[in-house]
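So the structure is just underneath, and the comments pick up after that.
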Ligand SMILES: Nc1ncnc2c1ncn2[C@@H]1O[C@H](COP(=O)(O)OP(=O)(O)OP(=O)(O)O)[C@@H](O)[C@H]1O
Ligand SMILES: [Mg+2]
């Protein structure tokens with residue numbers, strides 16, 4: 001039995017990760033702990049004092065945690081799609097090396113997406129564990145809340161990969177984070193409901209993959225029904241994943257096999 | 001069939017720029033075949049088509065009996081590639097680089113361990129095997145890239161400028177290893193812009209210039225075909241040459257006037273040197289030597305290979 005080509009790519013990413021897994025996992029724990037402590041508990045006590053009924057009837061910490069879970073998955077997906085891809089194509093050119101083996105462009109992209117999915121899953125699981133430790137949600141709910149986070153992470157990994165493969169100048173990546181990823185992080189319903197946004201911005205927030213993930217994860221944890229029917233959100237996120245992956249293949253080909 | 005590589009009218013265009021312009025060549029099993037040419041001649045473009053990572057624009061190409069356009073993965077599984085630009089994984093050790101690369105070919109880890117030991121020994125990298133690649137010298141990286149290219153016991157090893165940028169000692173180590181591979185019967189194709197490299201390593205070679213093949217043969221036959229046996233190189237103080245060019249041209253059957261020196265091609269260097277004295281010329285230095293591929297190249301293209 002031969003190993004599928006995309007799994008060989010996945011294996012090589014895993015081998016690279018072996019060198020850094022300790023520090024990587026440690027920071028995956030540290031980040032949510034710091035955020036939930038500072039914003040959920042610290043800022044949250046202020047919010048709760050001023051909003052005795054809570055947001056959606058729950059404490060700010062409970063409101064925030066599922067949103068942050070999805071936001072963390074989103075940022076992880078974006079990071080995998082940005083730095084890893086730029087390195088493979090341009091800095092270390094290890095993608096070029098892979099292509100002089102039986103691996104071809106589609107397998108390379110699929111393998112990269114598989115690995116990005118694994119990374120998103122890792123940080124999401126760690127986040128869910130922290131959520132349980134903060135008594136935001138029981139284990140079962142935290143696990144269900146992982147699902148939407150995973151989809152959002154993959155959607156961002158796919159979209160970011162397609163973007164990175166199209167830019168020649170690595171300086172575009174920090175700009176991408178400043179003007180796309182961070183605004184999405186701040187304004188897609190993680191920290192406050194998007195109903196608080198100015199009217200003209202609400203449709204924009206609605207179009208982000210992250211918003212759909214936040215709505216679904218929060219619905220599970222808070223126990224409300226999401227603003228958008230889950231089947232629509234899930235289909236929408238799957239469309240992002242498919243489109244991003246397919247849109248990455250052409251620029252990969254152009255750069256790796258001109 | 002039975003040619004290891006057969007190219008007919010092989011062409012590569014990028015947009016409307018033609019990088020390889022309808023070249024024909026064949027490579028036989030066990031042969032060590034060279035592409036000699038200056039920067040931009042189209043060597044790498046040709047290697048990449050052979051390596052099934054760049055679609056051909058026109059003509060036909062068969063490698064190991066396979067069509068690189070249709071049977072890419074199958075073909076690449078039997079090739080070893082040493083690209084012009086190192087693309088090792090800088091964050092991994094030598095060992096891990098080889099293991100990772102071997103796994104792309106789906107070779108079992110247990111088999112790879114033995115293979116890696118052998119290759120590291122062959123390329124004299126065993127002592128460094130636990131070091132990260134970004135701490136290695138250029139010559140060691142090149143050797144590692146060759147080890148990597150051999151991991152799948154390829155039927156054909158493609159080397160794109162294997163020694164460019166290395167110091168003479170590192171080049172000689174590499175030449176020695178490549179020579180041994182050749183002895184073991186591995187088919188090599190090598191691009192280079194060093195004549196000595198082509199002379200040392202290649203059984204047969206083509207000279208490429210501006211996307212075309214301008215000559216083909218063994219190093220010895222190319223020299224005897226395109227250049228007289230000996231060359232007398234005479235250097236003059238700057239500016240002097242212009243005034244005496246027509247005198248120099250009378251001194252040998254064929255001459256080349258370069259910026260700082262003149263080359264006189266002759267079958268009898270002694271006589272030519274005597275002639276220079278008799279003509280009353282006073283060069284700064286006179287050097288008589290056997291003709292080389294450099295002279296062939298100069299003859300064919302009117303330019304030197306390495307400026
Ligand atoms: N992807 C590409 N897009 C456009 N032009 C290209 C591309 N790759 C190569 N070229 C052009 O094709 C020509 C031949 O390039 P190639 O790399 O094959 O030359 P070479 O003989 O390997 O040169 P060198 O000795 O510098 O490596 C050059 O003019 C180069 O600029
Ligand atoms: Mg080249």
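Worth a mention:
- The Cα trace of the range B:169-276 gives Rg and Dmax of 17.9, 55 Å, the first to one decimal, the second as a whole number.
- Largest mean-square fluctuation among A:133, A:162, A:248, in a Gaussian network model of chain A whose springs join Cα atoms under 10 Å apart, belongs to A:133.
- Estimated from the Cβ-Cβ distance and a Förster radius of 60 angstrom, the FRET efficiency linking residue B:289 and residue B:16 is about 0.90.
- In units of the compact-protein estimate 2.2 N^0.38 Å, the protein assembly as shown shows a Cα radius of gyration of 1.28.
- Peptide B:86-93 - average C-beta neighbours from other chains (10 Å radius): 5
- Cα long-axis angle, helix A:230-256 against chain A (0 to 90 degrees, to the nearest 10): 30 degrees
- Legend: P(r) of chain A from all alpha carbon pair distances, 10 Å bins from 0, whole percents, reading 7, 30, 34, 20, 8, 1, 0.
- Measuring nothing but alpha carbons in the range A:1-150 and taking Rh as the Kirkwood radius, the Rg to Rh ratio lands at 1.10.
- Of A:176, A:95, A:17, the sequence from fewest to most neighbouring Cβ atoms within 10 angstrom is A:17, A:176, A:95.
- Every helix of 4 or more DSSP H residues in chain B counts as -39500 (n - 2.57), and over all residues that averages to -10500 deg cm²/dmol at 222 nm.
- Rounded FRET efficiency, nearest 0.05, which uses the C-beta distance separating residue B:74 from residue A:21 and R0 of 51 Å: 0.90
- Two-site FRET efficiency, residue A:232 against residue A:90, from Cβ-Cβ distance with R₀ of 25 Å, rounded to 0.05: 0.10
- Relative contact order for chain A, counting Cα pairs under 8 Å that sit 6 or more residues apart, in percent: 27 percent
- Here the extension length gained between residue B:172 and residue B:124 equals 16.0 nm, from 0.36 nm per residue of separation less the Cα-Cα distance.
- Estimated distance in nm for a label pair at residue B:246 and residue B:67, the labels positioned 7 Å out from Cα along Cα-to-Cβ: 6.2 nm
- Viscosity 0.890 mPa s, 25 °C: Kirkwood-radius Stokes-Einstein D of the range B:137-176 over Cα pairs, µm²/s: 232 µm²/s
- Within the protein assembly as shown, DSSP assigns beta bridges of which about 65% are antiparallel (rounded to the nearest 5).
- Hydrodynamic radius by Kirkwood, which averages 1/r over all alpha carbon pairs of the range B:65-131, in angstrom: 13.4 Å
- Rg/Rg_ref, the range B:5-224, where Rg_ref = 2.2 N^0.38 Å and atoms are Cα: 1.00
- Which of B:235, B:48 has the fewest Cβ neighbours within 10 Å, and the rest in rising order: B:235, B:48
- Residue separation of residue B:85 and residue B:237 scaled by 0.36 nm, minus their Cα-Cα distance, works out to 50.8 nm of gained length.
- The value of relative contact order for the range B:20-146, using C-alpha pairs under 8 Å at least six residues apart, is 20 percent.
- Each label was represented as a point 7 Å from its Cα along the Cα-to-Cβ direction; for residue B:132 and residue A:2 these points are 3.5 nm apart.
- Over the range A:59-203, Cα pairs under 8 Å with separation of 6+ residues give a relative contact order of 40 percent.
- Cα-projected label distance for residue A:250 with residue A:175, points at 7 Å along beta-carbon direction, nm: 2.2 nm
All of the numbers you see were taken from the coordinates with simple rules; none came from a lab. Since the model is a prediction, treat every value here as computed from it, not as a measurement. Reconstructed Cβ throughout: ideal geometry from the backbone, glycine too, with neighbour counts over all protein chains shown.
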